[in-house]
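Heads up: the structure comes next, in structure tokens.
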């Protein structure tokens, strides 16, 4: 199903495309929020706040999902601010990030190893239909970029494990220890300004706020991918609502109906 939210979007051919990674291409880190949010709620509860677990859950869900698409460190910076607001000295955001990665890797590491060792089919760890879409766009001379809020070395390795790296070559970007040196806004600016791609000739795919906002800011086509990471089919309503708020022109759940999608956007 393709939901047209705003009909005044540019149509192809597109010279460049920028993709988010987790939830847009890869499902290796599916439901990362089910690790991050409880971790943060537990940390905030330890400040002896009078807020209930449900109240903390609502607060954390709001800022975690609003910052989805930015580097993970920004969610941890916000966590540290929330801890300080409750009268407790926070840890460094980088320490919170390391704790989160350690917790998440208990799930992700097993999935990555399963695919690498052939115990798990790589296709089951991707958003359905992504490979044919990348193939079609590459064959149409669209230059493909990947920009993720996940640390770069993880993205590069997981992209190789899924055997999708050939489509992006060196055009893969991710979070850095020097987090101010990377942002999706900088990548979009590089594509439009440094590479000389007109805004309307850029298309972006993502399941988070940031990539949708940045692509539509420059006049490109912003496709919101409201993927259901558990079932690999249908629409995640939470993502859909947030993507619409971010300014998505279209909403899709996956790329299965490639011919219909291609006809709608002109690829």
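Coordinate-derived values only; no laboratory data. Computed from a predicted structure; not experimentally measured. In this analysis, Cβ positions are derived from the backbone assuming ideal geometry, glycine residues included, and neighbour counts consider all displayed protein chains.
Assorted remarks:
- Segment 77-128-segment 220-248 distance, computed between alpha-carbon centres (Å): 21 Å
- Residues considered: 227, 195, 148. Largest GNM mean-square fluctuation over the chain, using C-alpha springs under 10 Å, is found at 195.
- The value of relative contact order for the chain, using C-alpha pairs under 8 Å at least six residues apart, is 30 percent.
- Equivalent ellipsoid semi-axes - Cα gyration tensor, segment 175-267, angstrom: 24, 18, 11
- Cβ crowding within 10 Å averaged over residues, with 152-164, 16-28 ranked highest first: 16-28, 152-164
- Separation of alpha-carbon centers, segment 47-71 and segment 158-194, rounded to whole Å: 28 Å
- Angle between the chain longest axis and helix 152-161 axis [Cα atoms, degrees, rounded to 10]: 50 degrees
- Extension gain, residue 263 to residue 152: 0.36 nm times the residue separation minus the Cα-Cα distance gives 36.6 nm.
- Within the chain, antiparallel bridges make up roughly 20 percent of the DSSP beta bridges whose residues both belong there.
- All alpha carbon pair distances within segment 33-116 were sorted into 10 Å bins beginning at 0; the resulting P(r) in whole percents reads 18, 49, 25, 7, 1.
- Remark: spin-label model distance residue 178-residue 92 equals 1.7 nm, labels positioned 7 Å along the Cα→Cβ axis.
- Paramagnetic reach from residue 102 in segment 62-85 [backbone N under 17 Å; point 7 Å along Cα→Cβ]: 76
- Peptide packing for 255-262, 198-205 was compared via the average number of neighbouring C-beta atoms within 10 Å per residue; ordered from the highest value, the list is 198-205, 255-262.
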